[in-house]
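What follows is a set of notes on a single structure, which appears directly below.
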Amino acid sequence: MKIFSFIKPQALFLISFFFLARSAFPVSDVNKQLSLEVGEEKIIQVPNLKGISNAGDIVQDVLLKDGESFILRGVTWGDTQVTVWDTAGTRLIYSVHVELPRYVKELQSFLANIEGTGVNFLGRNIIVEGQLLRASDTARLGGILNAYPQVKNLVRQELPKAEDLLMEAVKTEIYDRNLKSSPLGGGGLMLEGIALSEKAKRYAESIVTFYFDGAYPALTVVPPQVTIKLDFVEFQKREDDTTTPITSMVSPASLSPFLGFAYALQNRTLQKESLTRFIPYTFFGTKTQDQTLEKILQSGGQAKLLTQQNMKSESGRKVTWQEQQSDIAFTVEIEPIVVDNIWIDCRLNVTLTKGEQQLFWKTQRLVLKHGQGAALFGLKELLQSSFQESLFPQSVSDKDIFSPIFTCLSKNDAHLLLVLTPLWTIGS
């Protein structure tokens, strides 16, 4: 006790508390760095070793019988983490980086000039795999691999036929699923099937004649028949919705995506930010016109279907719909271009004319899947920003003689949505 006689009681209490806390709580984590090569092993000593946690399959851990050490072996290259505990509660965290073996890097550089081959890993084995494309590479590959007996050779050395390579090139460039290619004797190729347009036919024929001297295209042009379901929907805030801050810059998280999109757009116009183009909203996951309209009706806003039109055309040909009231005509022109069985490219022109004078013209392009719907916002806002005076009815008596579409255009609190749903069939 004489040793501590000069220490004040307060200091003696702190020293005692430190030793008690050290024995009562685990020591903080210890972080260590470790590097290995693929296939390399390292023995790590940890006195009073209790357990190991391996975060992945980049390294393999093996606990040794002495209970105070383990082996780490690099399985494949990359970064991982291994955590070790001892009986005292200390936790050691090893950040492990596994590098490629030096000879693998050499091998990769040698194989760089042999097209179609590469180095890979299969379990604990390092392999060379691929497909030889030139007869002259056979001897070169054998000479290289003789210097690396630990590497397994899985390269396909039977050379592919030139016609097969050319056919693969044709398939890569002609991605139309309706066309089929068949090899002919003497290195020729027959290309047959249905082309969706004259342009697609000419392109396919040019590709075949580029790769094959003996090209025999037998293509039939059958433009797909397209139906555009064009719906006009009046959409606005619910009459009973007194809680949603329509002027808020951020839509509430509880809103549906479509309703939040509409409120954000209306907020832009309330903030006097003029639109310069149509704003499309695509209903991902819809496959029919009914599903698209159901998404709008169930979004939480107040929606009213004004009119429905079926616009039919061949792919690549324009089709027109028009609503006329007095000397004012509202026209939607669509040119649908079918890309393949899944995708269609729709080009839209929306115009407003008064007599012979064109007052308004906007374009839009929509790329949609078969049966997928999209709603175009902004028609009313674009018209309002284009004209100082309203072209549409303002009084109740005037509205009675105008169509629902023209009446909707006169409302300040409603969007007029152009909803498109494309469908088409490819002939046989």
**Complete:** Filter the range 281-296 for residues that are within 14 Å of Ser256 (Cβ to Cβ) and surrounded by fewer than 15 Cβ atoms within 10 Å (Cβ to Cβ); the one that is modelled with the lowest pLDDT is Gly285
**Message:** Would you confirm, using the coordinates I've provided, whether Ile43 is out of contact with any helix residue (DSSP H, G or I) (no Cβ under 8 Å at 6 or more places or on another chain), more than 28 Å from Gln131 (Cα to Cα), part of a strand (DSSP E or B) and free of Cβ contacts under 8 Å to residues at least 40 places away in the same chain?
**Reply:** yes
**Exclusive hit being touching a residue at least 40 places away in the same chain (Cβ under 8 Å) and among the aliphatic types (A, V, I, L, M), set Leu100, Leu141** = Leu100
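Which ones in the range 205-238 are touching a residue at least 40 places away in the same chain (Cβ under 8 Å), more than 30 Å from Leu409 (Cβ to Cβ), of a type in the set (A, V, I, L, M) and assigned to a strand (DSSP E or B)? Before you say what the answer is, go through the steps one by one.
The initial filter retains those residues of the range 205-238 that are touching a residue at least 40 places away in the same chain (Cβ under 8 Å), namely 211-212, 219, 222-238.
Cutting the leftovers down to more than 30 Å from Leu409 (Cβ to Cβ) gives us 211-212, 219, 222-225.
Still in the list and also of a type in the set (A, V, I, L, M): 219, 222.
Once the filter is applied, which keeps residues that are touching a residue at least 40 places away in the same chain (Cβ under 8 Å), more than 30 Å from Leu409 (Cβ to Cβ), of a type in the set (A, V, I, L, M) and assigned to a strand (DSSP E or B), the range 205-238 yields only Leu219.
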**Asked** What's the number of the condition Ile127 fails, among (1) of a type in the set (Val, Ile, Thr); (2) touching a Phe, Trp or Tyr at 6+ places or on another chain (Cβ under 8 Å); (3) in a helix (DSSP H, G or I)?
**Response** (3)
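Quick check on this structure: which one of Phe377, Phe406 is modelled with pLDDT under 95, more than 17 Å from Phe278 (Cα to Cα) and surrounded by 21 or more Cβ atoms within 10 Å (Cβ to Cβ)? Reasoning before the result, please.
Numbers: Phe377 fails: more than 17 Å from Phe278 (Cα to Cα).
Checking each option against the conditions leaves just Phe406.
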**Fill in**
Output for Cβ contacts, cut-off 7 Å, separation at least six or different chains, first residue within 18 Å of Thr90 (Cβ to Cβ) and hydroxyl-bearing (Ser, Thr, Tyr) in the range 56-75, second surrounded by fewer than 16 Cβ atoms within 10 Å (Cβ to Cβ) and at pLDDT 85 or above, reads Ser69/Ile43; Ser69/Gln45
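For Val350, are the conditions met, namely being surrounded by 17 or more Cβ atoms within 10 Å (Cβ to Cβ), at pLDDT 90 or above and farther than 21 Å from Glu314 by Cβ?
Judged against the criteria, Val350 is a match.
In this structure, is Thr76 under 46 Å from the mean Cα position of the chain (by Cα) and part of a loop (DSSP other than H, G, I, E, B)? So that I can check it myself, show each step before the final result.
Working: under 46 Å from the mean Cα position of the chain (by Cα): yes; part of a loop (DSSP other than H, G, I, E, B): yes.
Yes: the conditions hold for Thr76.
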**Yes/no for Glu205 being outside the structural domain of Glu314 (by TED's automatic domain parsing), closer than 21 Å to Gly316 by Cβ and of a type in the set (D, E, K, R)** = yes
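So, in the range 354-367, exactly how many residues are surrounded by 13 or more Cβ atoms within 10 Å (Cβ to Cβ) and out of contact with any Ser or Thr (no Cβ under 7 Å at 6 or more places or on another chain)? If you could, list the steps in order and put the result at the bottom.
If we filter the range 354-367 for residues that are surrounded by 13 or more Cβ atoms within 10 Å (Cβ to Cβ), which is where we start, we get 354, 359-360, 362, 364, 366-367.
Now restrict to residues that are out of contact with any Ser or Thr (no Cβ under 7 Å at 6 or more places or on another chain): 354, 362, 364, 366-367.
Qualifying residue count, the range 354-367: 5.
Report the residue count in the range 47-73 for those that are part of a loop (DSSP other than H, G, I, E, B), more than 20 Å from Val119 (Cβ to Cβ) and aliphatic (A, V, I, L, M). Give the derivation first.
To start, the set of residues in the range 47-73 that are part of a loop (DSSP other than H, G, I, E, B) comprises 47-48, 55-58, 64-68.
Now restrict to residues that are more than 20 Å from Val119 (Cβ to Cβ): 47-48, 55-56, 64-68.
Narrowing the set further to residues that are aliphatic (A, V, I, L, M) leaves 55, 64.
Result for the range 47-73: 2.
Out of Leu293, Leu305, which single residue is in a helix (DSSP H, G or I) and touching a residue at least 60 places away in the same chain (Cβ under 8 Å)?
Details: Leu305 fails: in a helix (DSSP H, G or I).
One residue alone meets the criteria, Leu293.
The values are calculated or read from the model by the stated rules, or taken from the named source; none is laboratory data. None of these values were measured; they are calculated from a predicted model. Methodologically, a virtual Cβ is constructed for each residue, glycine included, from the backbone with ideal geometry; neighbour enumeration extends over all protein chains shown.
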